[in-house]
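Notes for the one structure printed next.
Quick note: the coordinates plus some simple rules give every number you see, no bench work behind them. Bear in mind the structure is a predicted one, so any value in this text is a computation, not a measurement. FYI the Cβ positions are ideal-geometry reconstructions off the backbone, even for glycines, and counts take in every protein chain you see.
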Amino acid sequence: MYRSQVLICGGTGCTSSGSMKIADKLEEEIKKNGLADEVKVVRTGCFGLCALGPIMIVYPEGTFYSMVKIDDVPEIVEEHLLKGRVVTRLVYDETVVADQIKSLNKTNVYKKQKRVALRNCGVINPENIEEYIAVDGYQALYKVLKEMTPDDVVKVILDSGLRGRGGGGFPTGRKWQLAKDLVKDADQKYVCCNADEGDPGAFMDRSVLEGDPHVLIEAMAIAGYAIGATQGYVYVRAEYPIAVNRLQIAIDQAREVGLLGKNIFDSGFDFDLDIRLGAGAFVCGEETALMASIEGNRGEPRPRPPFPAEKGLNGKPTVPNNVETYANIPQIILKGADWFTSMGTEKSKGTKVFALGGKINNTGLVEVPMGTTLREVVYEIGGGIPNGKQFKAAQTGGPSGGCIPAEHLDIPIDYDNLIAIGSMMGSGGLIVMDEDNCMVVIAKFFLEFTVDESCGKCTPCRIGTKRLYEMLEKITSGNATLEDIDKLEKLCYYIKNNSLCGLGQTAPNPVLSTLRYFKDEYIAHVQDKKCPAGVCTDLLQYTIIADKCKGCTACARVCPVGAISGTVKEPHVIDTAKCIKCGACMSKCKFGAIIKG
Amino acid sequence: MKTLEELMAIRNKMQSQVNLRAEDATVRVVVGMATCGIAAGARPVLTAFSDGIQEKGLKDVMVTQTGCIGLCQYEPIVEVIEPGKEKVTYIRMTAEKAAEVIEQHLIGGDVVAKYTISTELK
């Protein structure tokens, strides 16, 4: 038995910073020091504090080492593992209080979190089914198969109030109930998992797949039992190689011990699971396009009704759910609906995982009860805005969502509150913006993405998003008029109301919400031809302040297009017609004589 | 795997391992592992405590090391720290005495006085 275990994060983030090499080195040093029978190295999933990776936690003490380098490993082994002396310089400083090491759970980052979907991430080895079983894995499946009827299962999920975590927020219990009851005597039904996770900056589902793949397998089997399906498909984007690999290992292990396949737990219930890889299309995160892709066709949505619960994959009743939705299922079964409803708000029960990105100190993955305010997420858990900058807005829902300005920082996060202020929960990407972000450019960024990803089937989206993008280009290059802003808004509503699927219907959201809260920025771009945040280069002008200029000619010599003229020791001048706004002169000037505006 | 028993057997086998990663421990068993401690044979004592509490499934006990406690002649030293109670310092510990301390003190709740420093210093 091991007296100590060292957990190393093997999520994609830390792996790309070399965490797996560190794990190998650790095993090497442990062996060298004769500790191989006492200390075990465990490669786990994502802990969530991605900004501080590579991460290593030593148990049982719970010492949290952050930003570990491969050269630190011999010291950690010799000092800590062998002699019990913590290497304080490497410990996450928020856990070091006086000379005591505080528990990670008491730090600002973790103390307001409630890890339900991420319960096992960073705790177990995802490539070992026995560790999943050790944390009560597959007990929910046993309970469902032996002690509950499909109706019982649907009732529990309905009572729990679980809503789709992919962003739509549709009651999961109801979705399962419809798939179970709508079509009598269906000869085949399917369970699907949407692991396409297309939103830029979102990696909640990836972390569950990389850190706890068995929870998905167990939940899909439970869903299969509830609706009467014997086959499931996990549609994973191909850009997640580690997730795909770990999921396949998990599926193989589950099949090996009979937790997938025929007659599970001797109950007469058969269920199997296969992976289907995506091919880089954001639209395939839309449920009908996803199913089209699984069928082997080009990912294009189709009109609904009929909804997938009635006619889905291969025309059969299908339940498509998001990874995070599934991650909650086994615990709801084991702990009951009341446990789940004890967390969250009146209409949004449970927790939500957010991927914090952008201008925020603690970038990474966090899970909080619904109802936590945006202020708590950004300032307490997220550690605030770096470099002393001012918060400007937080974008939720990715290309389908909207921005939340400072005036709404105290809004309790839940599905309905976010929609009321013009945004949406989305899958959980939360990008923070500060005073140096231009909101028009943000809208343009999302439109650029949507234009690229539009499948092209319906006209409002195919052509409409392109026109929106062109209008935003006009605005950021200083060529628009006030009428253009009105046209922009009208086109947004047209696209929203007439597009075939969610991609088009929500593509105008970033534009509409930035117009709602930051109209003054749009007007400044159009009327004053200025970018208040100082981002849109076409609207920027570099000027030399004559009083401060010493005539040293340094700027003129560094200008790549020869736009600066002047005689030595005399104030210089920038020819704005020639200037390409590269900023080289401003960086070179030692007298602060060049300003941007 | 066809039965609940098989599932639970795996669970029980692996639980103590995974429990090591929880932070629910209230009782801390601290083994002196400085140079003098290691020289006096603290490693087998450490492993004995760690294996023992895992075997017995004592979830709220954590076994860790520490550096020089300052009483080199009494090594290997083991301190048992429980919230609300006075710290107990066991001296000249061995793997066998460790088993006794686990049984009598950690499980039974009675300090094994004969191994403590207070007995020595009397």
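Restricting to chain B, what percent of DSSP beta bridges are antiparallel, rounded to 5? Can you show the working numbers first?
Details: 8 of 14 bridges.
So the antiparallel bridges in chain B amount to around 55 percent.
Based on the Cβ-Cβ distance from B:Leu71 to A:Lys111, what FRET efficiency comes out when R0 is 45 Å, to the nearest 0.05? Spell out each step's value before the answer.
Numbers: r = 37 Å, r/R0 = 0.83.
Once rounded, the FRET efficiency stands at 0.75.
Give, in nm to one decimal, the length gained when the segment between A:Thr373 and A:Arg89 is fully stretched (0.36 nm per residue of separation minus the Cα-Cα distance).
Numbers: separation 284, 0.36 × 284 = 102.24 nm, distance 3.33 nm.
That works out to 98.9 nm of additional length.
Applying a 10 Å radius around every beta-carbon, put B:35-42, B:59-66 in order of their mean neighbour count, most first.
Working: B:35-42: 18.1, B:59-66: 21.2.
Packing order, densest peptide first, comes out as B:59-66, B:35-42.
In whole angstrom, how far apart do the alpha carbon centroids of segment A:168-195 and segment A:371-397 sit?
For segment A:168-195 versus segment A:371-397, the Cα centre distance is 37 Å.
Along the Cα-to-Cβ line of A:Val568, 7 Å from the Cα, sits a label point; which residues in segment A:532-562 have backbone N less than 14 Å from it?
Correct set: A:551-554, A:557.
For segment A:7-50 and segment B:68-122, what is the separation of their C-alpha centers, rounded to whole Å?
Between the Cα centre of segment A:7-50 and that of segment B:68-122, the gap is 34 Å.
I'd like the mean, over residues of A:254-266, of how many other protein chain beta carbons sit within 10 Å of each residue's own Cβ.
Details: counts 1, 0, 1, 5, 3, 2, 0, 0, 0, 1, 2, 6, 3.
That average works out to 2.
For chain B, the longest stretch holding no GluC sites (Glu not before Pro) located in a DSSP loop with at most 15 other Cβ atoms within 10 Å is which?
Working: sites that count: B:Glu23, B:Glu86.
Formally, the longest exposed-site-free interval is B:24-85.
Would you work out the relative contact order for chain B, in percent, from Cα pairs under 8 angstrom that are 6 or more residues apart? Write out the running numbers ahead of the final one.
On the way: 170 pairs, mean separation 31.7, N = 122.
Normalised by residue count, the contact order of chain B is 26 percent.
Under a Cβ-Cβ cut-off of 15 Å, what is the net charge of the residues other than A:Glu380 that fall near it, where Lys and Arg count +1 and Asp and Glu count -1?
Neighbour charge sum, excluding A:Glu380 itself: +1.
Could you tell me which of rounded, prolate or oblate describes segment A:462-597, using a ≥ b ≥ c as the square roots of the eigenvalues of the alpha-carbon gyration tensor, with rounded for a/c under 1.5 and, failing that, prolate when a/b is larger than b/c and oblate otherwise? Could the numbers behind the result be given before it?
Values: a/c = 3.66, a/b = 3.18, b/c = 1.15.
The shape class here is prolate.
Scanning chain A for helices, which whole DSSP H stretches are 20 Å or more long along the axis (Cα) and average 1.0 or more by Kyte-Doolittle?
Values: long enough: A:213-227 (22 Å, 1.37); A:241-256 (22 Å, -0.07); A:439-453 (21 Å, 1.19); A:459-476 (25 Å, -0.46); A:482-498 (25 Å, -0.73).
Correct list, ordered by number: A:213-227, A:439-453.
If you count, for every residue in B:6-14, the Cβ atoms of partner chains within 10 Å of its Cβ, what is the mean?
Numbers: counts 4, 10, 3, 1, 9, 9, 2, 3, 10.
So the per-residue partner count for this stretch is 6.
Just how large is the dipole of segment B:60-117 about the Cα centre, in debye to the nearest 20, putting +1 at every Lys and Arg Cβ and -1 at every Asp and Glu Cβ?
Rounded to the nearest 20 debye, it is 180 debye.
Straight-line reach from A:Lys474: which aspartates and glutamates have Cα under 17 Å away, leaving out those fewer than 8 places along the same chain?
Within the straight-line limit of under 17 Å, A:Lys474 reaches these aspartates and glutamates: A:Glu448, A:Glu483, A:Asp484, A:Asp486, A:Glu489, A:Asp520, A:Glu521, A:Asp528, A:Asp538.
Please identify, among B:Lys56, B:Lys13, B:Lys87, the residue showing maximal mean-square fluctuation in a Gaussian network model of chain B using a 10 angstrom Cα cutoff.
It is B:Lys13.
Tell me the mean residue ellipticity at 222 nm calculated for the protein assembly as shown from its helices only (DSSP H runs of n ≥ 4, each -39500 (n - 2.57), averaged over every residue, nearest 500). Kindly include the intermediate steps, with their values, before the conclusion.
Working: 26 runs with 258 residues, N = 719.
That calculation yields -10500 deg cm²/dmol at 222 nm.
To the nearest whole number, what is the average tally of beta carbon atoms from other chains within 10 Å of the beta carbons of peptide A:77-88?
3
Please give the peptides A:560-570, A:537-547 ranked by average Cβ packing (other Cβ atoms within 10 Å per residue), highest first, as a rough proxy for protection.
A:537-547, A:560-570
Which residue, A:Phe64, A:Pro150, A:Cys50, has the largest displacement toward the positive end of the dipole of segment A:32-181 when charges sit on each Cβ (Lys, Arg +1; Asp, Glu -1)?
A:Pro150
According to a simple spin-label model (label point 7 Å from Cα along Cα-to-Cβ), what is the distance in nm between A:Ser16 and A:Ser587?
So the two model labels end up 2.4 nm from each other.
So, by mean Cβ neighbours within 10 angstrom, what's the order for A:3-14, A:127-138, A:578-589 with the highest one leading?
Details: A:3-14: 25.1, A:127-138: 22.3, A:578-589: 15.7.
The peptides rank, most packed first, as A:3-14, A:127-138, A:578-589.
Would you mind pulling out the separation of the Cα centroids of segment A:573-591 and segment A:221-270, in Å?
So the two Cα centres are separated by 61 Å.
Just list whichever of A:Lys389/A:Lys596; A:Lys40/A:Lys335; A:Lys444/A:Lys581 have alpha carbons separated by over 24 Å in the model shown. All intermediate terms of the calculation are to be shown ahead of the outcome.
Numbers: A:Lys389/A:Lys596 18 Å; A:Lys40/A:Lys335 31 Å; A:Lys444/A:Lys581 20 Å.
Correct reply: A:Lys40/A:Lys335.
For the pair A:Ile595/A:Ala577, report the inter-label distance in nm, with labels modelled 7 Å from Cα in the Cβ direction.
The two pseudo-label positions are separated by 2.5 nm.
Suppose a student asked you for the relative contact order of segment B:58-122, using Cα pairs under 8 Å spaced at least 6 residues apart; what percent would you report? Don't jump to the answer; show the numbers that get you there.
On the way: 47 pairs, mean separation 15.2, N = 65.
Relative contact order comes out at 23 percent.
With the cut-off at 26 Å, tell me which of the pairs A:Lys25/B:Lys87; B:Lys56/B:Lys85; A:Lys69/A:Lys352; A:Lys349/B:Lys2 have Cα atoms farther apart than that. If you can, show how the numbers build up before the last one.
On the way: A:Lys25/B:Lys87 38 Å; B:Lys56/B:Lys85 23 Å; A:Lys69/A:Lys352 32 Å; A:Lys349/B:Lys2 34 Å.
Check vs 26 Å cut-off fails for A:Lys25/B:Lys87; A:Lys69/A:Lys352; A:Lys349/B:Lys2.
How long is the gain from A:Lys529 to A:Lys548 if the chain were fully straight, where each residue apart is worth 0.36 nm and the alpha carbon distance is subtracted?
Working: separation 19, 0.36 × 19 = 6.84 nm, distance 2.63 nm.
Contour length minus Cα-Cα distance gives 4.2 nm.
Straight distance only, please: which aspartates and glutamates reach the Cα of A:Lys590 with their own Cα at less than 15 Å, same-chain residues fewer than 8 apart left out?
A:Asp547
Specify which residue in the list B:His105, A:Asn437, A:Gly478 is farthest towards the positive end of the charge dipole of the protein assembly as shown, using unit charges on the beta carbon of Lys, Arg (+1) and Asp, Glu (-1), about the Cα centre.
Farthest towards the positive end: A:Gly478.
Reachable aspartates and glutamates from A:Lys146, Cα under 14 Å, same-chain residues fewer than 8 places away excluded?
Within reach: A:Asp266, A:Asp270, B:Glu5.
With a point put 7 Å past each Cα toward its Cβ, work out how far A:Gln188 is from A:Tyr493 in nm, to one decimal.
Those two pseudo-labels are separated by 4.6 nm.
What percent do you get for the relative contact order of chain A when only Cα pairs under 8 Å and 6+ apart count?
Numbers: 1239 pairs, mean separation 68.1, N = 597.
With pairs under 8 Å counted, the relative contact order is 11 percent.
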